[in-house]
Structures are given as C-alpha cells and as structure tokens.
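To start, the structure itself, in structure tokens.
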Amino acid sequence: MTKKDMIHAIADKTGLPLKEAETAFTAMVDIIIAEIAAEKKASVSGLGTFEVRSRSARKGRNFRTGESVKIPESNAVGFRAGKNLKEVVNKG
C-alpha cells in the first residue's frame, strides 16, 4: 500500500475530503518522526513502537574489489509490532 492508497483509505473510512485526509496523514507521520528524533521512541497504541537502535561499528567488504572496509557506528529506526498487530497477522 502506498502513501496515496493510505490517504484514499483514510478518506473513505472517515468521510474526510482527500485534502484533509492527506493533511492528517502527513501530520501523523511528521509527529512520529519528530518524536523519534527527540525521544528516541514513539509508541502508537494498537500498531507498535518505533525506536532508534544503535548499530555498532563493524567490518564489511567491498563486493567489487573484495577489500575489507570499516563501516562506522550508526543509528537505525526499528519497529516492534504491538500485541494487536501481531494477533491480526498471526490469524491468517
């Protein structure tokens, strides 16, 4: 499902005009991103938790040359599904 599909689904489910559904969806995404950036964690009840995870520095390999390369420490966003989402996924 794409962003456009989600916006159309929100409009259909709520009866909002497409423009308002897009504004609401964009606001929700912006709030989650801001919360992750500031607090390192954002929980959405019924969906799950987005959080910053630290990735240690490690060795990698350049596939073209076979040369060993240092990959620096970095942060990545992780997602842990909530109970409701896990139940829905595992019913099928």
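We did not get these values from a lab; they are worked out from the coordinates using the rules stated. What you are looking at is a predicted structure, and each value in this text was computed from that prediction instead of being measured. So basically every Cβ, Gly included, is an ideal-geometry build from the backbone, and we count neighbours across all protein chains shown.
Within segment 58-92, report the GluC sites (Glu not before Pro) that DSSP leaves as loop and that have at most 12 other Cβ atoms within 10 Å. Kindly include the intermediate steps, with their values, before the conclusion.
On the way: sites: Glu67, Glu73, Glu87; in loops: Glu67, Glu73.
Answer by residue number: Glu67, Glu73.
How high is the relative contact order of the chain? Use alpha-carbon pairs under 8 Å, at least six apart in sequence, and give a whole percent.
Computed over the chain, the figure is 20 percent.
Dipole size in debye (nearest 20) for segment 3-91 around its Cα centre, Lys and Arg Cβ +1, Asp and Glu Cβ -1?
640 debye
Would you work out if segment 3-91 is rounded, prolate or oblate? Take a ≥ b ≥ c from the square roots of the eigenvalues of the alpha-carbon gyration tensor; rounded if a/c is under 1.5, else prolate when a/b is larger than b/c, oblate otherwise.
Verdict is prolate for segment 3-91.
Using the number of other C-beta atoms within 10 angstrom as an exposure proxy, rank Thr2, Thr49 with the fewest first.
Neighbour counts put them in this order, fewest first: Thr2, Thr49.
Starting from segment 1-73, pick out the chymotrypsin sites (Phe, Trp or Tyr not before Pro) whose DSSP state is loop and whose Cβ has at most 10 other Cβ atoms within 10 Å.
Within segment 1-73, the qualifying chymotrypsin sites (Phe, Trp or Tyr not before Pro) (loop, at most 10 other Cβ atoms within 10 Å) are Phe63.
Want the number for Glu39 to Val88: 0.36 nm per residue separation, take away the alpha-carbon distance, what's left?
Value of the extension gain: 14.8 nm.
In whole Hz, what ³J(HN,Hα) sequence does segment 72-81 give by Karplus (6.51, -1.76, 1.60; θ = phi - 60°), x for Gly and Pro?
Coupling constants for segment 72-81: x, 4, 8, 10, 9, 8, x, 10, 10, 5 Hz.
Taking θ as phi - 60°, what are the ³J(HN,Hα) couplings along segment 18-30 by the Karplus curve (6.51, -1.76, 1.60), each to the nearest whole Hz, with x for Gly and Pro?
3, 4, 6, 5, 5, 4, 5, 4, 4, 5, 4, 4, 4
Can you pull the one-decimal nm distance between simple spin-label points at Met1 and Arg80, each 7 Å off the Cα toward Cβ?
2.4 nm
Which aspartates and glutamates have a Cα lying under 12 Å from the Cα of Lys41, excluding residues fewer than 8 positions away in the same chain?
Answer for Lys41, where 12 Å is the Cα cut-off: Glu51, listed by chain and number.
Residue by residue, what Karplus-based ³J(HN,Hα) values in Hz, rounded to whole numbers, does segment 3-15 have, using 6.51, -1.76 and 1.60 with θ = phi - 60° and x for Gly and Pro?
4, 4, 4, 5, 4, 5, 5, 5, 4, 5, 6, 9, x
Among Ile32, Ile7, rank each residue by its count of other Cβ atoms within 10 Å, from fewest to most, as a rough exposure measure.
Final ranking by Cβ density, sparse to dense: Ile32, Ile7.
Helix-derived [θ] at 222 nm for the chain: sum -39500 (n - 2.57) over DSSP H runs of at least 4, divide by residue count, nearest 500?
Helix contribution divided over all residues of the chain: -15000 deg cm²/dmol.
What are the lysines whose alpha-carbon lies under 16 Å from the alpha-carbon of Lys91, with same-chain residues fewer than 8 places away excluded?
Within the straight-line limit of under 16 Å, Lys91 reaches these lysines: Lys83.
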